[in-house]
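Asks: The structure that follows is given in the form of structure tokens.
The values are calculated or read from the model by the stated rules, or taken from the named source; none is laboratory data. What you are looking at is a predicted structure, and each value in this text was computed from that prediction instead of being measured. We place every Cβ from the backbone using ideal geometry, glycine too, and count neighbours over all the protein chains shown. With ligands, DNA and RNA removed, areas are computed over all heavy atoms of the protein, side chains included. Shrake-Rupley method; radii C 1.70, N 1.55, O 1.52, S 1.80 Å.
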Amino acid sequence: GDTNTAIRFPGADTISAETGGTESFRVDSSQRLLMGATTARAVGDLTAQSQIEGNGYAASSLSLISNAGASAGNTPHITLGKSRGSSAGSNTVVVSGDTLAQIQFAGADGTDCNSVAANIAAKVDGTPGSNDMPGALTFGTTADGAATVTERLKIDKEGGFIFSNGALLEKVNITAGKLSANTDIDLDDGMVHYFTTAETTTCTPNIRVNS
């Protein structure tokens, strides 16, 4: 047989697979899948059930590759989902304000790797219903000397940008051309229409507001 390939039991309730004389992965006694490390550790605010750790970016990266047609549905997907259920397969409805998923960016501070510098979170932004899931994205960063992330920017369900130090809720339509050549101005709710060129010609624009 291949003496460089083996399945081992390196610890209590732990199994590992070895290829080329080196451990490839192990499943520990807490059912955590570990690649590149023999002991699980916390990163950010949790100890993940699946962990990849390595020396250098290639050894600690994950690639998803799709070889298919040009359809948008044939691209690689990372889909993060949440329900309010308590068991696998649950579809208990989430509620407005729930955080559906987040991506955290943590760095080692000399003691551990639990300090989060920034995050991106997806939240429910309204009341969900059947095939209806209003959502928002929030972007947070951690201030110097702080230990937790503060929300800095939110993109709400209407497409508005809300900043922590002020709010910019308008949709902006930018037109590069003379006002006299664009006499009909169609505005949606909260939209700002901005012309990028100035002129001395007198004109009377027709401003039309939807809703």
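Asks: Could you give me the ³J(HN,Hα) list for region 47-59, computed from phi with Karplus coefficients 6.51, -1.76, 1.60 and θ = phi - 60°, whole Hz, x at Gly and Pro?
Replies: 9, 5, 6, 10, 9, 10, 9, x, 9, x, 5, 5, 6
Asks: Something else: Take residue 101, project a point 7 Å from its Cα along the Cβ direction, then tell me which residues of region 42-83 have their backbone nitrogen under 13 Å from it.
Replies: From region 42-83, the list is 76-83.
Asks: Length gain on complete extension for the stretch residue 55 to residue 17, per 0.36 nm per residue less the alpha carbon to alpha carbon distance?
Replies: Roughly 11.7 nm would be gained on extension.
Asks: Using a 1.4 angstrom probe and counting only protein chains, how large is the accessible area of residue 100 in Å², to 10?
Replies: 50
Asks: Then there is this: Around residue 43, which amide H atoms from residues at least 5 apart in sequence, or from another chain, sit under 5 Å from its own amide H, with H modelled in the peptide plane?
Replies: 48
Asks: How many percent of the accessible area of the chain is carbon or sulfur, using a 1.4 Å probe?
Replies: Roughly 52 percent, rounded to a whole number.
Asks: In terms of Cα to Cα distance under 15 Å, which aspartates and glutamates are near enough to residue 154, apart from those fewer than 8 places away along the same chain?
Replies: The reachable aspartates and glutamates, counting only those whose Cα sits under 15 Å from residue 154, are 98, 125, 170.
Asks: In the full protein assembly as shown, how much of residue 86 is accessible to a 1.4 Å probe, in Å² to the nearest 10?
Replies: Here the accessible area works out near 120 Å².
Asks: Under a point spin-label approximation (7 Å from Cα along Cα-to-Cβ), what is the residue 8-residue 161 distance to one decimal in nm?
Replies: The modelled label-to-label distance comes out at 5.4 nm.
Asks: Follow-up. Under the rule of at least 5 residues apart or a separate chain, name every residue whose amide H is placed under 5 Å from the amide H of residue 185.
Replies: Result for residue 185 returns 206, 207, 208.
Asks: Karplus couplings for region 114-119 from phi (6.51 cos²θ - 1.76 cosθ + 1.60, θ = phi - 60°), rounded to Hz, Gly and Pro as x?
Replies: Residue by residue, region 114-119 yields 8, 7, 9, 8, 7, 8 Hz.
Asks: Near the amide H of residue 94, under 5 Å away, which other amide H atoms are found, from residues 5 or more places off or on another chain, if H is placed in the peptide plane?
Replies: Distant-sequence amide H within range of residue 94: 84.
Asks: If you stretched the chain out fully between residue 193 and residue 127, how much longer would it get, using 0.36 nm times the residue separation minus the C-alpha to C-alpha distance?
Replies: Residue separation times 0.36 nm, minus the Cα-Cα distance, leaves 20.7 nm.
Asks: Taking a probe of 1.4 angstrom, what is the accessible area of residue 139 in Å², to the nearest 10?
Replies: Counting only protein heavy atoms, residue 139 exposes about 70 Å² to solvent.
Asks: With a sphere of radius 14 Å drawn around the Cβ of residue 147, what net charge do the other residues whose Cβ falls strictly inside it have (Lys, Arg +1; Asp, Glu -1)?
Replies: -4
Asks: Using 1/(1 + (r/R0)^6) with R0 = 22 angstrom and r between the beta carbons of residue 109 and residue 137, what's the FRET efficiency to the nearest 0.05?
Replies: Efficiency computed from Cβ-Cβ geometry: 0.25.
Asks: Under a point spin-label approximation (7 Å from Cα along Cα-to-Cβ), what is the residue 77-residue 120 distance to one decimal in nm?
Replies: It is 1.8 nm.
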